[in-house]
There are 2 protein chains.
Amino acid sequence: MRNNESVYQFLEHLNGIQPLGLEAKNAIAGLCTTVRINKNKDLQSIGQTCKTIYFVKEGTARIYYYKDGKEVTEFFAFENDLIIRAESLFASMPSHKAIQAINDTIFIAIPAEQLFLLFDRFHDIERLFRKIVERSYVDTVNRLESLQFNSAVERYNLLLQHSPEVVRKIPLKYIASFLGITQVSLSRIRAATP
Amino acid sequence: MRNNESVYQFLEHLNGIQPLGLEAKNAIAGLCTTVRINKNKDLQSIGQTCKTIYFVKEGTARIYYYKDGKEVTEFFAFENDLIIRAESLFASMPSHKAIQAINDTIFIAIPAEQLFLLFDRFHDIERLFRKIVERSYVDTVNRLESLQFNSAVERYNLLLQHSPEVVRKIPLKYIASFLGITQVSLSRIRAATP
DNA sequence: CTGATTATTTAACATTTGTAAAAGGAATCG
DNA sequence: CGATTCCTTTTACAAATGTTAAATAATCAG
């Protein structure tokens, strides 16, 4: 029952992005399962090909990978956010990235192949998904711009402005690599900004 | 007639991404116009809201903006590439970026609103566009990864590997800011790499 | 072809950011 | 509660990149 309640709320969220007919809603609901992952545990691990589309129902999560033996956090997801390793899912290639729960987190999981099949039957569902991908694309373009020529201080301040919840909820070691800097640098910046 | 020939070839390219019915093809063709822009001239200028979807038919183009009075190149487009200011088009907000022809360039222009209307009548067209946006999204995620923690040398070498045509065809001053570094830095890197 | 403009490289120095190691703080678990 | 572990900050120094200016090199217009 809990699961059904979660999925129902989630569908309402989707309906806000793109109005869906009852049949379409039911079709999506039929594919949704909920997955609970404990703090610091991986939902998807490095080397897997991403075949599932996840949304965060409750909690916080991140995508990370290793660069020269060090962890790099690429992305944070909060309630209702889509979390996928796009470069793997859309190209059907193994990912060198992992998805991890930062706190105890509940995900909604939708098998990608089965969702894509629904696109043929429900135009609305394909439209919904198109809009979701468009949003993710825009977010990524904006982050790219920030990484391209803003200084570390500017990037930190922009993050404070646009996503204060990140700075409140997420360990600084993850935020540092998300901003493309080391933990030491981030500490320096925080010490300098009163 | 020249225009029609261009558009026909372009439709074949689209058909390779997502097979389209004859009616759908004709509907798209009806929206396509070709635009010639001379070298170093802007196709779309800063401050405009992006309401047109462009593809490069012939030539090369870029997206650029100003950061602290200096030009930053965000994106390059070659033959058949989509070139849009996504953060403006998908959010209907004025863009602080411009689209410019690097050489004399022919663009194919599609009015966004009218294309979006076709989505209702032709499922295939919405699917095509979804796939195109997905590809752009994946490209952007990969660039983001490169900017986040690769050194300038690594970013330059990756560009050489993955997009040698960029280094061959595009002025180094544009490439430098595309890589998130200054022209001086790029020169140093090239001098060090024999 | 020549002068003028634009693009690229080089040099010297300043600033930012990284690295490694240590010290403080905070959270966690028995 | 106390000990352990993990997170964050600080310090000192090294490396990478930026800045400004000047020197070449390449391109373009007349």
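The values are calculated or read from the model by the stated rules, or taken from the named source; none is laboratory data. Predicted model, so just to flag it, every value in this text is computed and none were measured. Note: ideal-geometry Cβ built from the backbone for every residue, glycine included; neighbour counts use all protein chains shown. To get the accessible areas, we keep the full protein, side chains included, count just its heavy atoms, and leave off ligands, DNA and RNA. Shrake-Rupley method; radii C 1.70, N 1.55, O 1.52, S 1.80 Å.
Listed by first and then second residue, the pairs linking a residue in region A:1-18 that is farther than 15 Å from A:A109 by Cβ to a residue that is open to solvent by 80 Å² or more (accessible area, probe 1.4 Å) and modelled with pLDDT of 85 or more, with Cβ atoms under 7 Å apart and 6 or more places separating them unless they lie on different chains, form an empty list.
Being basic (K, R) and buried (at least 21 other Cβ atoms within 10 Å of the Cβ) is a condition met by at least one residue of region A:53-60.
Here A:A152 meets each of (1) surrounded by fewer than 18 Cβ atoms within 10 Å (Cβ to Cβ); (2) touching a helix residue (DSSP H, G or I) at 6+ places or on another chain (Cβ under 8 Å); (3) without any contact (Cβ under 8 Å) to a residue 12 or more places away in the chain with one exception, condition (3). In the condition set (1) closer than 19 Å to B:F78 by Cα; (2) within 12 Å of DNA strand C (Cβ to nearest atom), B:Q161 is compliant with all but (2). Do you know which of the residues in region A:93-105 that are open to solvent by less than 50 Å² (accessible area, probe 1.4 Å) and touching a helix residue (DSSP H, G or I) at 6+ places or on another chain (Cβ under 8 Å) is farthest from the other protein chains (Cβ to nearest Cβ)? Filtering first and then ranking leaves A:I102. Among the residues of region A:145-152, is there at least one that is aliphatic (A, V, I, L, M) and either at positive phi or more than 14 Å from the chain's Cα centre (by Cα) (or both)? Yes - at least one qualifying residue is present in region A:145-152. All of B:F116, B:F122, B:F90 fail the test of being touching a residue at least 60 places away in the same chain (Cβ under 8 Å) and either open to solvent by 10 Å² or more (accessible area, probe 1.4 Å) or under 21 Å from A:F149 (Cα atoms) (or both), apart from B:F122. Here region A:167-177 is the region considered, the condition is being hydrophobic (A, V, I, L, M, F, W, C) and within 12 Å of DNA strand C (Cβ to nearest atom), and the residue that is nearest to the other protein chains (Cβ to nearest Cβ) is A:A176. Tallying residues that are in contact (Cβ under 8 Å) with a residue 12 or more places away in the chain and acidic (D, E) within region B:125-144 yields 0. Here B:G180 clears all of (1) open to solvent by less than 60 Å² (accessible area, probe 1.4 Å); (2) in contact with a helix residue (DSSP H, G or I) (Cβ under 7 Å, 6 or more places away or on another chain); (3) of a type outside the set (F, W, Y); (4) not in a loop (DSSP other than H, G, I, E, B) except the condition numbered (4). From the set of residues in region A:108-158 that are among the polar types (S, T, N, Q) and over 14 Å from B:V141 (Cβ atoms), which is farthest from the other protein chains (Cβ to nearest Cβ)? The qualifying residue farthest from the other protein chains (Cβ to nearest Cβ) is A:Q114. Would it be correct to say that B:L118 is away from DNA strand D (no atom under 16 Å from the Cβ), farther than 18 Å from B:I63 by Cβ and not charged (D, E, K, R)? Considered against the rule, which asks whether it is away from DNA strand D (no atom under 16 Å from the Cβ), farther than 18 Å from B:I63 by Cβ and not charged (D, E, K, R), B:L118 comes out as yes.
Number of residues in region A:164-177 that are surrounded by 16 or more Cβ atoms within 10 Å (Cβ to Cβ) and more than 9 Å from DNA strand D (Cβ to nearest atom) equals 2.
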